[in-house]
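Input: a single structure, listed below in structure tokens.
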Amino acid sequence: MNEPSEHDIHAYVDGRLEGERRAAVELYLARHPERAAQVQAWQHDAQQLRAALVGAQSLPPNPALDPSAIRMRRQRRRASRLAMAAALVLCVGLGGLGGWQMRGWQVARAMPPMGDALAAYRLLALDPGARPDLVPQHRGDLQAWLDHHFARGVPLPDLDAAGFRPVGGRLFATEQGTAAMVLYQDAAGHAISFYVRPPGPRRYLLPHGQRVDDGLLAQYGSGNGYNYAMVSRAAGSDAQVAARALQPLI
């Protein structure tokens, strides 16, 4: 059967419901014990309220003291408290999300970009004991190696005109996936590296920029969904060679 209206429920509690409507409410409550327990509690409250008002029968009737009105006010207060609690939870959740987003932006700004590219250069170009993963035997070896590890395609910079040839490649692990570095050297032993990696958290792509760190210059930018860096000595003509090599990629 359909649930009785709130008007019928309150009339039943107050003893103002008769006939078929009263029988319908009683049948409904018999089939719904939880609702019946609530109605019984309301009946008990109404009895206590009437007993407390026995000595005030000579006073004019006050609609605000009607048991059904009191119950309705209680229900409205309860609904209001639930709404306030839900709003508080939502605000806390949004505040936490906003805080984590702000923290992420602050960390991104506080951490200088492409520090891993500089670390890779120091490892492979400056550490005599470090060895590349791949020493090319033919000109296309390193391009095929990059194509294997980067699905969207990463064109290998050509530095032949400046006297730099690719001498080796090495893979590195990042939180976002595989990164790779290709090392170039000229006849004088000067080194330039080309570094490519997936973007950082939330696809953090880099604007075109550069940074100097302990005599090394990293020039960087993004293109085709990847972050790139060319690392060279900060002094001398190597920086201009690296800048020209980076330009077509970003």
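Laboratory data are not the source of any read-out in this text; all were calculated from the coordinates shown. Because the structure is a prediction, the values reported are computed rather than measured. Using ideal geometry, Cβ is built from the backbone for each residue, glycine included, and neighbour counts are taken over all protein chains shown.
A few comments on the model shown:
- Fewest-first sequence of 250, 9 by Cβ atoms within 10 Å of each Cβ: 250, 9
- Taking N as the residue count of the stretch 113-249, its C-alpha radius of gyration divided by 2.2 N^0.38 Å amounts to 0.95.
- Residue-wise HN-Hα couplings along the stretch 233-250, as the Karplus relation 6.51 cos²θ - 1.76 cosθ + 1.60 with θ = phi - 60° gives them from phi, are 5, 6, 9, x, 7, 4, 4, 5, 4, 5, 5, 5, 6, 6, 3, x, 8, 10 Hz; Gly and Pro carry x.
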